[in-house]
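Colleague: Take a look at the following structure, please.
The values are calculated or read from the model by the stated rules, or taken from the named source; none is laboratory data. Everything numeric here is computed off the predicted structure, so don't read it as measured data. No Cβ is skipped: glycine too gets one built from the backbone with ideal geometry, and neighbour counts run over all protein chains shown.
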Amino acid sequence: MDRRTFVKVGCIGSASVLVQGLDPMVRAEKVPPAAPPIDLHGIPDYKPSPLGMPGLFPGRVVEVRDRNAIVRNRVSQPIVRRLLEQAMKELTGESSARDAWAKFIEPTDVVGIKINPSGAPACCSSPEIIREIIASVRSLGVPARSIVMYDRYSYEIDIGSYQVLLPPQVQIVGIQDAFSGGGVGYEPTVYCDANFFGEWETRSYMASIVAHQVTKIINVPTMKDHSAAGVTGALKNLAYGTFNNVARSHRAPHSFTNPLVGLMCTVEPLRSKAVLHIMDGMRQVWHGGPLTQVQAFIEQPGILLVATDPVAMDTIELEAIEEKRRESGVSSLWQHDPSSLTADNRIFFHDASKNLFFRQPGHIAAAGKLGLGISDLKQIDHRLRPS
Amino acid sequence: MMMTPEKATSKSPPDWPTLLGDNARTGGHAQVRFHSPEKAVWQYRTGSPVRSAPVFHDSVLYAASVNGVLHAINVATGTSKWKFEAAGQVHSTPSLFGNTVLLGCDDGKVYAVDGNSGKKLWEAGSQAEVWSSPVVRNEIVFFGSADGKVYAVDGKNGQPTWSQELGGRIYCTIYAEEHQLYVGCGDGKVYSIETDSGKILWSTATGNGIDSSPAVVDNLVLIGSEDFVFYALDASNGEVRWKYETGLGIASSPAVSGDFAVIGSKDGFLYAFEVQTGHLRWKTAVGEVVTASPVIGSGVVCIQAGGAFALDMGSGKIVWQAGLGGAIQSVPILAADSIYLASLSGEIYALR
């Protein structure tokens with residue numbers, strides 16, 4: 001049993017420590033001067049799609065909200081349905097929801113729905129939103145069997161009970177089990193190669209389901225802070241949920257989520273297939289993400305963000321979480337004060353002034369520089385539509 | 001002799017032929033003397049996560065690992081007696097029908113395996129994964145499938161008797177009485193189904209899908225829902241007799257003993273109720289998330305969450321805990337002087 005597995009085995013079942021490598025027990029001895037070279041290997045000669053990131057509407061983010069969309073931690077299916085329909089029409093300019101969805105999905109597509117179950121059950125992609133996405137996709141003539149809801153770890157999907165809550169025939173795939181090797185379910189020729197901290201395995205491989213099975217991806221991130229990346233939004237949900245062996249990019253207190261998150265999102269065919277991002281802001285985690293179960297740090301604003309541009313979407317998310325942290329009197333996600341660091345998960349999860357890493361919210365702007373979208377707030381077409 | 005997994009009689013060590021001990025889901029009440037385990041007498045590595053609960057019969061423990069392997073383990077030595085490899089992943093808790101081991105598989109089949117040899121006896125098919133545990137009553141095997149159907153097959157050869165389509169995926173393990181089955185469904189409804197024909201007798205809607213498996217006591221169907229609520233329904237007509245709201249969804253299944261029922265919630269608490277009134281006796285935090293089912297021993301309630309916990313049945317106070325046996329859906333087996341734990345990490349422990 002290696003050390004990382006030991007940590008998991010000792011803690012399994014406690015979501016706060018089901019930490020996919022956010023491992024403060026190993027600390028870098030020296031400050032790494034800069035990110036190492038990162039070699040990207042996509043599918044050769046893959047023809048980029050015009051629907052690929054930043055997609056049909058660069059810089060446009062539609063935000064709809066309804067305080068009644070979530071009441072006492074329960075998400076309202078009818079209100080989510082209405083919000084999603086409103087947002088899709090606003091994003092695309094179409095007068096009907098069906099026409100709006102048809103801009104992205106064709107009946108012959110195999111549609112992947114990339115959820116974020118990390119942090120279940122306290123904060124994860126709401127099954128109510130997933131059900132509405134499925135219904136919308138099926139309304140275009142896509143068979144249920146051609147819809148694949150997926151994420152990396154099957155046990156996290158299990159904790160969220162997604163398997164029970166979705167319609168029959170929709171495929172539900174956990175790319176790998178928590179304790180099995182990382183090689184199963186991954187495409188050996190598509191990878192990112194970098195040596196961050198002297199790790200023995202320097203490659204992160206793309207999930208086969210992304211490389212080969214699905215033809216379109218609808219990304220459903222959650223609205224959370226992230227102890228290493230600053231926030232986990234559309235970019236990180238796609239990148240770290242598509243490639244394996246990603247926890248190695250952060251070793252307390254340092255994190256190379258910037259630039260790795262953005263770089264991974266440029267790898268084809270991930271970039272081309274991710275055509276739509278629907279951020280679940282029913283709940284908003286402003287400290288302890290991505291895995292916290294502490295309700296004191298989880299707001300319930302009832303927000304839904306829709307965009308084709310993940311950079312613009314994550315920029316809006318970052319601002320929202322920063323605002324909440326300011327209101328709560330805790331430090332910015334950009335703060336790099338060594339005195340705020342702790343190696344103790346228990347302290348981190350209950351003290352909003354503490355963190356495990358120097359967070360790297362700059363990964364969003366870095367992704368913008370890679371052409372994945374717009375990170376300048378002044379250029380973002382943020383359409384706030386109260387219900 | 002064919003044995004049906006109905007309520008075990010007093011013998012030592014008792015069998016534990018199905019989920020939560022027996023068809024009454026008593027979880028072994030009064031079958032084990034309580035004491036805090038002092039040591040792990042053996043540890044068995046399956047080599048793959050274990051998502052389901054083990055069962056026990058005649059000094060052999062049967063546990064299925066997610067990679068599709070059913071392990072028969074000699075409990076005296078902690079060594080393998082045989083292994084059976086299914087064609088897909090396995091998330092189903094095995095159950096015993098005489099000397100036959102039954103288990104569902106992600107390939108859509110239920111396999112019947114000879115308990116002595118580990119050889120396949122028969123298989124029965126559905127159209128999607130079978131995560132529920134097969135349940136046997138009067139030599140008929142009942143199981144639900146993610147294809148949305150409940151199946152009844154002959155326990156001797158797997159030949160279909162009937163099937164009934166419900167409104168959503170089924171991951172719930174059926175509760176089988178003489179004339180009625182009770183099952184929760186992904187469409188959020190609890191169904192009562194006629195045992196002989198598969199005809200739906202009644203259904204009652206909850207507010208979200210159902211992952212929990214029911215128990216029936218004193219004409220009440222006890223079951224949790226992902227709508228956060230623990231329900232007691234009239235077994236005759238499905239009317240809600242009482243309900244209790246927890247802090248998050250319920251994937252756990254209730255264990256019952258007389259007028260006492262206990263169930264976990266994803267809010268991290270175990271809740272104990274008086275069955276007839278719904279009065280909450282106690283609630284105790286045992287972790288940040290509880291998805292597995294508790295079992296009831298002699299004076300204690302045991303649960304696997306972040307580790308293994310034993311709580312005083314009367315007060316709900318934690319009387320001992322062990323930092324192993326973390327699980328999502330596994331359930332401890334309380335057998336005579338030993339406790340067997342299967343963990344998500346793939347280890348199986350015998351504690352004594």
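Colleague: Of all residues in segment A:338-364 being over 15 Å from A:Ser255 (Cβ atoms) and surrounded by fewer than 17 Cβ atoms within 10 Å (Cβ to Cβ), which is farthest from the chain's Cα centre (by Cα)?
Modeller: So the residue we want is A:Ser339.
Colleague: Limited to segment A:365-384, what total is found for residues that are charged (D, E, K, R) and loosely packed, with under 14 Cβ neighbours inside 10 Å?
Modeller: Counting residues in segment A:365-384 that are charged (D, E, K, R) and loosely packed, with under 14 Cβ neighbours inside 10 Å gives 3.
Colleague: Now for a different question. In this structure, does A:Glu90 turn out to be within 11 Å of chain B (Cβ to nearest Cβ), closer than 30 Å to A:Asp381 by Cβ, assigned to a helix (DSSP H, G or I) and modelled with pLDDT of 95 or more?
Modeller: No.
Colleague: Specify the residue that is farthest from A:Gly52 (Cα to Cα); the eligible residues are those in segment A:292-347 that are within 14 Å of chain B (Cβ to nearest Cβ) and not aliphatic (A, V, I, L, M).
Modeller: So the residue we want is A:Arg346.
Colleague: Follow-up. If I go through segment B:224-248 residue by residue, how many of them are away from chain A (no Cβ under 14 Å), crowded, with 22+ Cβ neighbours inside 10 Å and not in a loop (DSSP other than H, G, I, E, B)?
Modeller: The qualifying residues number 4.
Colleague: Right, next: Given A:Gln284, A:Gln293, which one is in contact (Cβ under 8 Å) with a residue 40 or more places away in the chain, touching a helix residue (DSSP H, G or I) at 6+ places or on another chain (Cβ under 6 Å), polar (S, T, N, Q) and not in a helix (DSSP H, G or I)?
Modeller: Just a single option satisfies the conditions, and that option is A:Gln293.
This table checks each residue for (1) within 14 Å of another protein chain (Cβ to nearest Cβ); (2) outside any loop (DSSP other than H, G, I, E, B).
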site	(1), (2)
A:Ile157	yes, yes
A:Asn195	no, no
A:Trp200	no, no
A:Val210	no, yes
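Colleague: Still on this structure: Could you please find all residues in segment B:249-265 being among the aliphatic types (A, V, I, L, M) and away from chain A (no Cβ under 14 Å)?
Modeller: Within segment B:249-265, B:Ala255, B:Val256, B:Ala261, B:Val262, B:Ile263 qualify.
Colleague: Going by what's in this entry, would B:Gln43 be described as under 18 Å from B:Ile339 (Cβ atoms), at pLDDT 70 or above and polar (S, T, N, Q)?
Modeller: yes
Colleague: Report whether or not B:Val50 is within 14 Å of another protein chain (Cβ to nearest Cβ), buried (at least 23 other Cβ atoms within 10 Å of the Cβ), modelled with pLDDT under 95 and farther than 18 Å from B:Val153 by Cβ.
Modeller: On the way: within 14 Å of another protein chain (Cβ to nearest Cβ): yes; buried (at least 23 other Cβ atoms within 10 Å of the Cβ): yes; modelled with pLDDT under 95: yes; farther than 18 Å from B:Val153 by Cβ: yes.
When the stated conditions are applied, B:Val50 passes them.
Colleague: Also, I was wondering about something else. Does B:Gly268 satisfy the condition of being within 12 Å of chain A (Cβ to nearest Cβ), touching an Asp or Glu at 6+ places or on another chain (Cβ under 7 Å) and surrounded by fewer than 19 Cβ atoms within 10 Å (Cβ to Cβ)?
Modeller: no
Colleague: Quick one: is A:Gly262 surrounded by 24 or more Cβ atoms within 10 Å (Cβ to Cβ), within 14 Å of another protein chain (Cβ to nearest Cβ) and not in a strand (DSSP E or B)?
Modeller: No; evaluated as a whole, the condition is false for this residue.
Colleague: Looking only at residues in segment B:127-137 that are surrounded by fewer than 24 Cβ atoms within 10 Å (Cβ to Cβ) and in a loop (DSSP other than H, G, I, E, B), which one is nearest to the other protein chains (Cβ to nearest Cβ)?
Modeller: Here the answer is B:Ala128.
Colleague: Another question, then. Only one of (1) of a type outside the set (Ser, Thr, Tyr); (2) outside any strand (DSSP E or B); (3) touching a strand residue (DSSP E or B) at 6+ places or on another chain (Cβ under 7 Å) fails for B:Lys266. Which number is that?
Modeller: The number of the failed condition is (3).
Colleague: Just for segment B:321-339: of the residues that are crowded, with 24+ Cβ neighbours inside 10 Å and not hydrophobic (A, V, I, L, M, F, W, C), which one is nearest to the other protein chains (Cβ to nearest Cβ)?
Modeller: Across segment B:321-339, the extreme among qualifying residues is B:Gly326.
Colleague: Here are the criteria: (1) at pLDDT 85 or above; (2) outside any helix (DSSP H, G or I); (3) farther than 25 Å from A:Arg271 by Cα. Tell me which single one A:Ile43 does not satisfy.
Modeller: Among (1) at pLDDT 85 or above; (2) outside any helix (DSSP H, G or I); (3) farther than 25 Å from A:Arg271 by Cα, A:Ile43 violates only (3).
Colleague: Go through the residues of segment A:324-331 one by one and say whether even a single one is modelled with pLDDT of 95 or more, surrounded by fewer than 21 Cβ atoms within 10 Å (Cβ to Cβ) and of a type in the set (A, V, I, L, M, F, W, C).
Modeller: Within segment A:324-331, one or more residues are modelled with pLDDT of 95 or more, surrounded by fewer than 21 Cβ atoms within 10 Å (Cβ to Cβ) and of a type in the set (A, V, I, L, M, F, W, C).
Colleague: Name the residue that is surrounded by the fewest Cβ atoms within 10 Å (Cβ to Cβ), counting only residues in segment B:65-97 that are polar (S, T, N, Q) and touching a residue at least 60 places away in the same chain (Cβ under 8 Å).
Modeller: B:Ser65
Colleague: Does any residue of segment B:1-20 turn out to be modelled with pLDDT of 75 or more, out of contact with any helix residue (DSSP H, G or I) (no Cβ under 6 Å at 6 or more places or on another chain) and not in a loop (DSSP other than H, G, I, E, B)?
Modeller: No; the residues of segment B:1-20 include none that is modelled with pLDDT of 75 or more, out of contact with any helix residue (DSSP H, G or I) (no Cβ under 6 Å at 6 or more places or on another chain) and not in a loop (DSSP other than H, G, I, E, B).
Colleague: Would a scan of segment B:271-283 turn up a residue that is within 9 Å of chain A (Cβ to nearest Cβ), assigned to a strand (DSSP E or B) and either without any contact (Cβ under 8 Å) to a residue 60 or more places away in the chain or surrounded by fewer than 24 Cβ atoms within 10 Å (Cβ to Cβ) (or both)?
Modeller: The answer is no; no qualifying residue exists.
Colleague: So which of A:Val294, A:Val306 is among the β-branched types (Val, Ile, Thr) and at pLDDT below 95?
Modeller: A:Val294
Colleague: Does segment A:215-246 hold any residues that are surrounded by fewer than 24 Cβ atoms within 10 Å (Cβ to Cβ) and more than 20 Å from A:Leu84 (Cα to Cα), and which are they?
Modeller: A:Thr215, A:Asn244, A:Asn245, A:Val246
Colleague: Within segment B:160-182, which residues are assigned to a loop (DSSP other than H, G, I, E, B) and free of Cβ contacts under 8 Å to residues at least 24 places away in the same chain?
Modeller: Passing the criteria: B:Gly167, B:His179.
Colleague: Residues that are away from chain A (no Cβ under 12 Å) and under 13 Å from B:Pro37 (Cβ atoms): does segment B:303-315 have at least one? Full working, then the answer.
Modeller: Here is the first cut: in segment B:303-315, the ones away from chain A (no Cβ under 12 Å) are B:310-315.
Narrowing further to those that are under 13 Å from B:Pro37 (Cβ atoms): B:310.
For segment B:303-315, residues away from chain A (no Cβ under 12 Å) and under 13 Å from B:Pro37 (Cβ atoms): present.
Colleague: Right, next: Being in contact with a Pro (Cβ under 6 Å, 6 or more places away or on another chain), at the interface with chain A (Cβ under 10 Å from one of its Cβ atoms) and at positive phi: is that true of B:Gly346 here?
Modeller: So B:Gly346 fits the description; yes.
Colleague: For segment B:98-126, which residues satisfy the criterion of being surrounded by 23 or more Cβ atoms within 10 Å (Cβ to Cβ) and at pLDDT below 95?
Modeller: Those that are surrounded by 23 or more Cβ atoms within 10 Å (Cβ to Cβ) and at pLDDT below 95: none in segment B:98-126.
Colleague: Could I ask something else about it? Could you count how many residues in segment B:191-213 are under 23 Å from B:Ala53 (Cα atoms) and either in a strand (DSSP E or B) or more than 14 Å from chain A (Cβ to nearest Cβ) (or both)? Reasoning before the result, please.
Modeller: Residues of segment B:191-213 that are under 23 Å from B:Ala53 (Cα atoms), as a first pass: B:209-213.
So of that shortlist, the ones also either in a strand (DSSP E or B) or more than 14 Å from chain A (Cβ to nearest Cβ) (or both) come out as none.
Residues in segment B:191-213 being under 23 Å from B:Ala53 (Cα atoms) and either in a strand (DSSP E or B) or more than 14 Å from chain A (Cβ to nearest Cβ) (or both): 0 in total.
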